[in-house]
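Remarks on the structure that follows.
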Amino acid sequence: MPGPGNVVTATTDTGYVDAGAAGSYYKISAVDFNGNESAFAVVSPSQTTDVPAVASVAFALDGTHPNPAIGGRLMVHFALPSGEAATLELLDVTGRRVTERTVGTLGAGRHSIDLAEGRRLKPGLYFVRLTQGANQRIVRTTLLN
């Protein structure tokens with residue numbers, strides 16, 4: 001049975017190499033960003049493969065999921081092509097900044113952030129703006145109580 005005593009590793013890096021005994025089998029599960037764990041899959045050494053190199057990531061703002069957001073969480077999904085300075089802002093319908101987060105330090109890749117974390121946001125219509133250098137994207141989102 002999988003448990004803390006027999007965990008080989010828990011990593012988000014796809015480049016992990018296990019120097020364990022030849023012929024070992026693995027029970028693998030995945031955990032999503034909400035903390036939900038999948039069922040276990042049994043994998044033998046012959047079933048593992050290399051992961052191809054990731055192509056460069058394009059600047060993107062996927063918006064909030066779910067939309068409308070419920071329960072005070074405003075999960076914003078976006079991608080950055082580099083670790084250059086970037087900001088994620090929440091604007092009300094008049095264009096006034098409600099909150100701002102510096103996100104460039106997250107580095108290149110796909111990211112998800114709760115923009116409402118630590119704040120009590122009023123229900124309503126908002127705009128989310130992602131800016132990195134000359135790149136800027138804006139999406140509309142709705143927040144319910």
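The values are calculated or read from the model by the stated rules, or taken from the named source; none is laboratory data. A quick note: this is a predicted structure, and the numbers were derived from the prediction, not measured. For neighbour counting, all protein chains shown are included, and Cβ atoms are generated from backbone atoms with ideal geometry for every residue, glycine included.
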Criterion (at pLDDT 90 or above, touching a Pro at 6+ places or on another chain (Cβ under 6 Å) and over 19 Å from Asp32 (Cα atoms)) met by exactly one of Thr94, Thr102, Thr131, Thr142: Thr142
Matching residues in segment 94-145 - criterion: being under 13 Å from Phe59 (Cα atoms), exposed (fewer than 15 other Cβ atoms within 10 Å of the Cβ) and not polar (S, T, N, Q): Gly107, Gly109, Arg110, Gly133, Ala134, Ile138
Failed condition for Asn67, given (1) at pLDDT 95 or above; (2) within 13 Å of Tyr126 (Cα to Cα); (3) among the polar types (S, T, N, Q): (1)
Answer residue from segment 14-62, given it is small (Gly, Ala, Ser) and surrounded by 11 or more Cβ atoms within 10 Å (Cβ to Cβ) and is modelled with the lowest pLDDT among those: Ser24
Selection from segment 97-111 of residues that are in a loop (DSSP other than H, G, I, E, B) and either of a type in the set (Lys, Arg) or in contact (Cβ under 8 Å) with a residue 40 or more places away in the chain (or both): Ala108
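Among the residues of segment 63-77, is any touching an Asp or Glu at 6+ places or on another chain (Cβ under 7 Å), touching a residue at least 12 places away in the same chain (Cβ under 8 Å) and in a strand (DSSP E or B)?
yes
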Every residue from segment 112-136 that is in contact with a strand residue (DSSP E or B) (Cβ under 7 Å, 6 or more places away or on another chain), within 17 Å of Gly83 (Cα to Cα) and in contact (Cβ under 8 Å) with a residue 12 or more places away in the chain: Ser112, Ile113, Leu130, Thr131, Gln132
Any hit, segment 63-81, residues being farther than 19 Å from Phe33 by Cβ and either buried (at least 17 other Cβ atoms within 10 Å of the Cβ) or among the polar types (S, T, N, Q) (or both): no
Any hit, segment 84-96, residues being touching a helix residue (DSSP H, G or I) at 6+ places or on another chain (Cβ under 9 Å), part of a loop (DSSP other than H, G, I, E, B) and touching a residue at least 12 places away in the same chain (Cβ under 8 Å): yes
